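What follows is one structure encoded as structure tokens, with my remarks underneath.
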Amino acid sequence: MKICAIILAAGSGRRMKMDTNKVFIKFDEQSAVVRCLKTFEATGLFSDMIVVCKPEERETIERKANKYVKSMRCIFCEGGQERQHSVANALPLVSEDTDIVMVHDAARCFVTERIIRDCAASAIRCGSGVAAIPATDTIKRTKRNVVEETLPREELVCVQTPQAFSRELIMRAYAQAEEDGFLGTDDASLVERICSEVHIVAGSPDNIKLTTRADVEQGADIARKQQMSDIRIGNGFDMHAFAEGRKLILGGVEIPCAFGLDGHSDADVLVHAIMDALLGAARMGDIGGLFPDTDPNYKDIYSIDLLKEVGSLLTKYGYCVINIDSTLIMQKPKVMPYRDAMIENIANALGMPRSYVNVKATTTEYLGAVGRGEGAAAQAVCILQKKRH
Ligand SMILES: Nc1ccn([C@@H]2O[C@H](COP(=O)(O)OP(=O)(O)OP(=O)(O)O)[C@@H](O)[C@H]2O)c(=O)n1
Ligand SMILES: C[C@](O)(CO)[C@H](O)COP(=O)(O)O
């Protein structure tokens with residue numbers, strides 16, 4: 001399946017009344033157009049992207065695209081007088097083996113991966129997928145300030161972008177509109193003229209189009225909300241039996257003891273619980289899957305080294321560890337004197353401040369296997385934040 005994105009950035013922003021193109025307005029130090037490029041890139045759905053821009057702004061946008069768009073072929077074309085003309089300029093550049101074309105306004109810079117995916121899925125399934133939200137105001141048709149009709153709100157939606165169509169459908173729609181001299185304000189209105197079923201996909205009230213100055217203020221709030229929203233919680237648990245002739249390693253610290261914990265690695269139950277919490281929060285499986293106990297490479301391995309690997313994976317996928325809380329559950333020996341050294345090892349392995357890592361210890365009051373001194377357990381929770389691309 002080959003999907004091509006057309007990103008429209010060639011507008012004149014008359015209603016915004018600014019000196020610069022509104023697609024260069026920054027939210028969280030990222031311009032609107034860059035936010036769009038990064039969100040489209042993050043979906044991993046596209047093979048090609050056509051960015052429509054003004055010739056004098058091409059160099060700036062091309063530099064950003066070269067930096068952030070890595071997984072698809074990126075080409076540039078000049079905009080036209082109206083939005084529709086800009087799309088019409090891009091369509092001949094869509095390669096013939098493309099299945100789906102998705103058009104998006106760079107001015108809708110708070111679009112999410114979810115909306116993009118849903119539009120693509122709908123276009124793959126039934127030829128079209130147009131983002132929209134239900135109308136919440138009552139909408140009336142008027143003439144010279146006199147109401148002619150109140151429209152049935154339950155049938156009305158406010159249409160956004162992305163708007164995705166099969167290549168064949170959008171090509172035909174644009175050709176027909178040109179032949180008829182039809183000018184629409186979105187792509188769907190052209191497709192509707194030749195196809196009775198244009199499908200709507202859930203957009204979002206946050207998927208606003210930067211149109212007037214008021215949208216810039218609202219946009220700052222949305223950017224802040226999006227930044228805060230991808231917070232993930234994870235929990236981990238592990239338990240190992242004690243065995244003679246093994247070192248007791250907890251939180252990467254060797255604790256003087258006549259016995260240690262049994263396991264394929266160093267059996268650091270605390271670090272194992274923490275790794276599982278981190279992997280769980282990032283939805284990356286667990287340590288059993290990542291470091292199988294059948295792999296000789298992990299025989300007696302120092303678990304803090306595995307924690308470093310987990311930390312690198314999290315960084316690679318854009319996660320930042322906000323904090324970790326953990327509890328060692330063991331009857332003996334007493335481990336509190338080693339607590340600060342454990343915290344230091346864990347924080348260093350993850351490259352985070354010690355003040356965001358906590359290690360506690362408890363007994364089970366002689367209850368159960370841990371209470372009988374047969375082994376030790378640990379549990380951990382963590383919070384991760386996924387950085388915006
Ligand atoms: N000739 C045009 C007009 C618009 N757009 C793009 O289409 C999107 C939506 O258009 P709109 O909000 O109308 O943008 P402007 O033309 O910039 O604004 P205005 O209508 O207020 O002048 C924007 O990302 C804009 O850059 C475009 O590529 N080419
Ligand atoms: C395509 C669009 O964003 C859907 O809401 C909208 O129609 C663009 O309109 P504009 O007049 O070009 O802002």
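The values are calculated or read from the model by the stated rules, or taken from the named source; none is laboratory data. All values derive from a computational prediction rather than experimental measurement. Quick reminder, even Gly has a Cβ in these numbers, built from the backbone with ideal geometry, and neighbours come from all protein chains shown.
Hey, among the residues in the range 227-281 that are at pLDDT below 95 and in a helix (DSSP H, G or I), which one's farthest from residue 328 (Cα to Cα)?
Per the criteria, the residue is 227.
Report, ordered by the first and then the second residue, all pairs with beta carbons closer than 6 Å, sequence separation of six or more or different chains, a first member in the range 252-280 that is in contact (Cβ under 8 Å) with a residue 12 or more places away in the chain and within 14 Å of residue 343 (Cα to Cα), and a second member that is surrounded by fewer than 17 Cβ atoms within 10 Å (Cβ to Cβ) and among the aliphatic types (A, V, I, L, M).
Final answer for the pair search is 253/341.
Of the residues in the range 281-330, how many are at negative phi, in contact with a Lys or Arg (Cβ under 9 Å, 6 or more places away or on another chain) and of a type in the set (Gly, Ala, Ser)?
Matching residues across the range 281-330 total 3.
Here's the yes/no breakdown for (1) touching a residue at least 40 places away in the same chain (Cβ under 8 Å); (2) buried (at least 19 other Cβ atoms within 10 Å of the Cβ); (3) within 15 Å of ligand 2 (Cβ to nearest atom):
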{"position": "73", "(1), (2), (3)": "no, no, no"}
{"position": "79", "(1), (2), (3)": "yes, yes, yes"}
{"position": "85", "(1), (2), (3)": "no, no, yes"}
{"position": "92", "(1), (2), (3)": "no, no, no"}
{"position": "97", "(1), (2), (3)": "yes, no, no"}
{"position": "100", "(1), (2), (3)": "yes, yes, no"}
{"position": "104", "(1), (2), (3)": "yes, yes, yes"}
{"position": "108", "(1), (2), (3)": "yes, yes, yes"}
{"position": "111", "(1), (2), (3)": "yes, yes, yes"}
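Looking at (1) closer than 21 Å to residue 5 by Cα; (2) away from ligand 1 (no atom under 16 Å from the Cβ); (3) touching a Pro at 6+ places or on another chain (Cβ under 8 Å), which is the one condition that is false for residue 167?
(3)
Restricting the search to the range 128-146, which residues are closer than 28 Å to residue 195 by Cβ, hydroxyl-bearing (Ser, Thr, Tyr) and not in a strand (DSSP E or B)?
The answer is 136, and nothing else.
Considering 120, 188, which residue is within 16 Å of ligand 1 (Cβ to nearest atom), closer than 23 Å to residue 46 by Cβ and not in a strand (DSSP E or B)?
188 is the lone residue from the list that is within 16 Å of ligand 1 (Cβ to nearest atom), closer than 23 Å to residue 46 by Cβ and not in a strand (DSSP E or B).
Take the range 172-198 and flag every residue that is touching a strand residue (DSSP E or B) at 6+ places or on another chain (Cβ under 8 Å) and touching a residue at least 24 places away in the same chain (Cβ under 8 Å).
Once the filter is applied, which keeps residues that are touching a strand residue (DSSP E or B) at 6+ places or on another chain (Cβ under 8 Å) and touching a residue at least 24 places away in the same chain (Cβ under 8 Å), the range 172-198 yields 186, 187, 188, 191, 195, 197, 198.
Which of the residues belonging to the range 124-146 are buried (at least 17 other Cβ atoms within 10 Å of the Cβ) and within 16 Å of ligand 2 (Cβ to nearest atom)?
If the condition is that a residue be buried (at least 17 other Cβ atoms within 10 Å of the Cβ) and within 16 Å of ligand 2 (Cβ to nearest atom), then 128, 129, 130, 131, 132 are the ones that fit.
Can you tell which of 178, 149, 154 is surrounded by fewer than 17 Cβ atoms within 10 Å (Cβ to Cβ), away from ligand 1 (no atom under 16 Å from the Cβ) and part of a helix (DSSP H, G or I)?
Sole residue among the options that is surrounded by fewer than 17 Cβ atoms within 10 Å (Cβ to Cβ), away from ligand 1 (no atom under 16 Å from the Cβ) and part of a helix (DSSP H, G or I): 154.
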